[in-house]
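Any read-out appearing in this document is the output of simple, stated calculations on the displayed coordinates, not a laboratory observation. Note that the structure is predicted; figures quoted are calculated from it, not measured. Cβ atoms come from the backbone with ideal geometry, glycine included; neighbour counts cover every protein chain shown.
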Amino acid sequence: MSISCAETVTPITPPIGALSFPTEVLQDPMTQDVWVLSSAFDSAYDGGTLTRLPLDSLRQGVLLDDFDTSSSLAEPFAEVVWIPQFATNLSFSDDGEALFLSTREEDNRFYKILLDENRLPDCPQAEGLIDCREAMHVKLPGNDLSAYFELPTPGEFMMTFASFSEIVMVEESASGALSVSSQVPLPIELINIQKMKVAKNNHDEVYYIGFGQIGFREDYTATGIAGVLISQTAIDRGLDTSDIQVFPLTDDTLSRSVTDFQYDGQYISLLARNTDALMQIPFDIEQPQSSWRIGRRAFVCEDAERLLSYDDTNTQAFITVCGDSATLGFYDSTTWASIGISHRVDLYPIGVRQIAVDAQQNLLLVPFFNGDSIGLYEVNDYVLKPKARFGDRRPLIEDRE
């Protein structure tokens with residue numbers, strides 16, 4: 001006789017009435033709605049969710065505490081989308097007709113979720129949810145997908161990874177199936193990469209600028225940081241490793257600490273964790289130098305994680321998101337002076353991947369990973385004021401000395 005010790009565990013369907021470790025918020029480019037990605041990081045539920053919220057109601061200061069089904073606001077976000085666990089990298093397609101996301105569950109996958117005429121995912125219903133767990137997707141060879149880009153040729157994508165030294169090309173067939181078409185070795189392990197349009201000879205040239213780790217030791221730690229430059233022209237003709245330009249940084253104190261950057265066509269602004277600083281590099285794409293030298297720098301805050309642009313009608317500014325000290329800080333991108341009071345907010349480093357910025361309306365939408373909620377903040381003279389929240393816990397905020 002044999003005895004089995006295994007227990008049958010019934011998966012728990014994600015609830016309609018809660019967020020679970022939200023990591024990203026994304027504003028719909030065609031409506032006044034916001035999508036919130038819940039990662040279900042603790043595996044309490046059988047998958048994560050995408051939740052649609054009415055931004056207009058949040059702007060009016062309406063508190064959406066707990067999905068009260070008797071509320072007149074319940075209907076706009078009653079449709080919750082069931083997605084795989086550990087999802088991240090949420091974005092809209094260039095034409096706004098699809099949602100993209102990736103996942104680290106079991107293996108890396110990239111999903112394309114088509115939207116219907118109501119701006120809802122075109123997936124079947126299951127247990128009261130829109131079930132997109134088996135939406136169109138492709139398994140990827142790399143680990144930790146960090147960025148993906150739609151290429152000019154319809155149905156083609158370029159993907160980069162935080163822990164995989166290759167660029168992966170993905171293509172979509174006429175039937176909608178996704179598959180890996182090619183892989184290009186990288187001379188660098190990318191941390192971050194961004195798509196940039198640069199005016200050149202009366203038209204826009206597209207480049208991909210990034211930063212990564214170089215010179216690995218036997219213990220797999222990097223000896224330095226380098227920039228990388230890839231042109232769309234090189235991709236169009238069939239990207240090869242020789243087309244990838246690499247520029248070592250001359251400041252060896254950076255090690256592997258660059259976490260984010262912005263490029264305005266003249267200067268690259270780097271955010272570095274180990275120096276708690278914002279740094280600037282002059283850079284001309286048409287005449288790139290063989291190495292990049294740090295120009296000026298300014299202290300921001302501890303454990304700097306994200307760098308965002310915030311350009312209102314008066315000032316061009318950066319927002320720095322810093323984890324350990326749980327702060328948001330504003331810095332004038334021209335003078336690099338702090339132009340706002342940093343505030344303590346209920347942030348968690350893993351949860352600050354994507355803050356929705358509406359500079360014209362002076363609003364920020366921030367996900368609170370460890371608070372199962374998102375917060376809407378009004379920005380007055382670069383001072384944050386909590387306006388509304390959605391989820392289990394009210395975001396904490398207090399002025400810091």
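Assuming R0 = 22 Å, can you tell me the calculated FRET efficiency for the pair ASP358 and ASP95, based on Cβ-Cβ distance, to the nearest 0.05?
According to the calculation, E is roughly 0.55.
Going by Cα centres, region 149-208 and region 89-129 are how many Å apart?
Spelled out, the Cα-based centre of one part sits 19 Å from the other.
With θ set to phi - 60°, apply the Karplus curve 6.51 cos²θ - 1.76 cosθ + 1.60 along region 86-92 and write out the HN-Hα couplings as whole Hz, x wherever there is a Gly or Pro.
3J(HN,Hα) across region 86-92, in whole Hz: 6, 7, 7, 6, 6, 7, 8.
For the pairs LYS195/LYS387; LYS197/LYS385; LYS112/LYS197, note any where the Cα-Cα span goes beyond 28 Å.
LYS195/LYS387; LYS197/LYS385
Using a ≥ b ≥ c from the Cα gyration tensor of region 10-57 (square roots of the eigenvalues), is it rounded, prolate or oblate, where a/c under 1.5 gives rounded and otherwise the larger of a/b and b/c decides, a/b for prolate?
Cα axes put region 10-57 in the prolate bin.
Looking at region 124-220, I'd like the Rg to Rh ratio, where Rg is from alpha-carbon atoms and Rh is Kirkwood's inverse mean 1/r.
1.08
Rounded, prolate or oblate: which fits region 104-161 when a ≥ b ≥ c are the square roots of the eigenvalues of the alpha-carbon gyration tensor, with rounded for a/c under 1.5 and prolate only if a/b beats b/c?
oblate
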